[in-house]
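Here is the structure we will look at, set down as structure tokens.
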Ligand code: 8YV
């Protein structure tokens with residue numbers, strides 16, 4: 001019997017492609033020069049789509065592949081997948097929760113430390129001879145003990161909070177509803193912002209959180225605040241963030257996510273008080289292997305008619 005077709009929308013590591021080949025006939029959409037021709041060829045045989053949170057899948061893609069039963073997202077955030085369109089067509093959607101939680105929380109704390117302690121600039125100071133030519137690196141600012149505000153206390157936000165407790169940081173969070181946690185609750189980022197030294201954004205992306213960290217929240221930050229984002233660029237009013245960075249109301253920032261990745265606003269790269277990452281928070285070999293495995297388990301379960309391990313729709 002021939003293998004079911006799988007449209008691979010976003011590039012995957014070789015180990016995932018190898019493992020997927022055992023069960024599926026792969027159509028590497030990201031590498032196809034003539035994408036329309038690939039869709040036309042696979043119209044009757046492609047039964048599933050593998051995509052990434054930030055790339056997603058829209059209704060037009062679903063309509064081009066009427067035999068698709070499942071869209072499997074390689075990532076926890078599935079904000080770019082048109083879930084309503086999938087549901088309307090009877091297409092299931094899965095993501096990869098839990099397996100990347102601790103990894104993203106590590107990156108959040110790493111970005112905070114790197115930004116506050118100016119680690120990239122200090123690294124350059126050693127490499128370029130400034131240490132011998134100019135002497136000690138300018139003093140930086142402390143992380144431990146500072147008040148941390150977390151926007152979005154979900155799986156990842158909670159893992160960040162656990163780490164922050166070890167740094168003896170008093171914690172506040174913004175969420176629509178108060179949660180059963182020993183942290184201070186605020187209904188909105190704008191209400192939270194004036195009470196914290198560090199604002200950490202870890203809310204899920206999507207229409208419901210678009211611009212959640214708005215100009216009011218950014219303008220309400222104390223002068224000298226530190227800002228980090230490990231969720232989605234869409235959650236933040238990026239123009240307001242850039243303005244606050246430009247006039248140094250935000251003293252330091254650690255950013256893993258942006259609007260229009262990877263062609264981000266070039267102004268970010270002009271700031272020496274900002275640490276930038278290329279949307280890499282889940283990007284370790286260990287976690288990406290776990291994400292790939294969970295995505296495959298969902299794909300195989302659908303083909304076998306078994307319950308999906310991690311459905312979102
Ligand atoms: C990406 C992420 O999916 O899980 C998410 O929501 O944003 C990341 O893990 C990852 O970069 C794969 O593209």
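Just so you know, all these numbers are worked out from the coordinates, no wet-lab data involved. The structure presented is a predicted model; accordingly, all values stated were derived computationally and were not measured. Glycine also receives a Cβ, built like all others from the backbone with ideal geometry; neighbour counts cover every protein chain displayed.
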Expressed as a rounded percentage, what relative contact order does the chain have, with Cα pairs under 8 Å and six or more residues apart? 16
Quick one: compute the contact order of region 15-90, relative version, from alpha carbon pairs under 8 angstrom and 6+ residues apart, as a percent. 28
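Using 0.36 nm times the number of residues separating residue 195 and residue 37, minus their current alpha carbon distance, what extension gain do you get?
Working: separation 158, 0.36 × 158 = 56.88 nm, distance 5.49 nm.
51.4 nm is the gain from fully extending residue 195 to residue 37.
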Under the classification rounded if a/c is under 1.5, otherwise prolate if a/b is larger than b/c and oblate if not, where does region 175-296 fall, given a ≥ b ≥ c as square roots of the Cα gyration tensor eigenvalues? oblate
With everything on Cα atoms, drop me the angle between helix 101-116 and the longest principal axis of the chain, reported from 0 to 90° to the nearest 10. 30
Residue-normalised 222 nm signal for the chain, counting each DSSP H run of n ≥ 4 as -39,500 (n - 2.57), nearest 500 deg cm²/dmol, is -10000 deg cm²/dmol
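Fewest Cβ neighbours within 10 Å first, please rank 160, 91, 55 accordingly.
Details: 160 29, 91 22, 55 17.
Taking fewest neighbouring Cβ atoms as first place, the list is 55, 91, 160.
Order these by the 10 Å Cβ neighbour count, fewest first: 195, 27.
Numbers: 195 15, 27 22.
Taking fewest neighbouring Cβ atoms as first place, the list is 195, 27.
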Using Cα centres only, tell me the gap between region 70-108 and region 241-302 in whole Å. 16
Going by how many other Cβ atoms sit within 10 Å of their own, how do 238, 18 line up, fewest first? 18, 238
Angle between the Cα long axis of helix 285-304 and the longest principal axis of the chain, 0 to 90 degrees, nearest 10? 30
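Can you give the FRET efficiency to the nearest 0.05 for residue 128 and residue 280, using r as the Cβ-Cβ distance and R₀ = 25 Å?
0.50
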Given a Förster distance of 25 Å, report the FRET efficiency between residue 21 and residue 87 from their Cβ-Cβ distance, rounded to the nearest 0.05. 0.25
Determine the relative contact order of region 101-276: mean sequence separation of Cα pairs under 8 Å and six or more apart, normalised by residue count, in whole percent. 21
Of the candidates 275, 181, 213, which one comes out as most mobile in a Gaussian network treatment of the chain with C-alpha springs shorter than 10 Å? 181
With the label point 7 Å along the Cα-to-beta-carbon line of residue 260 and a cut-off under 15 Å to each amide N, the hits in region 208-236 are 233-234
At R0 = 45 Å the Cβ-Cβ FRET efficiency linking residue 179 and residue 269, nearest 0.05, sits at 0.75
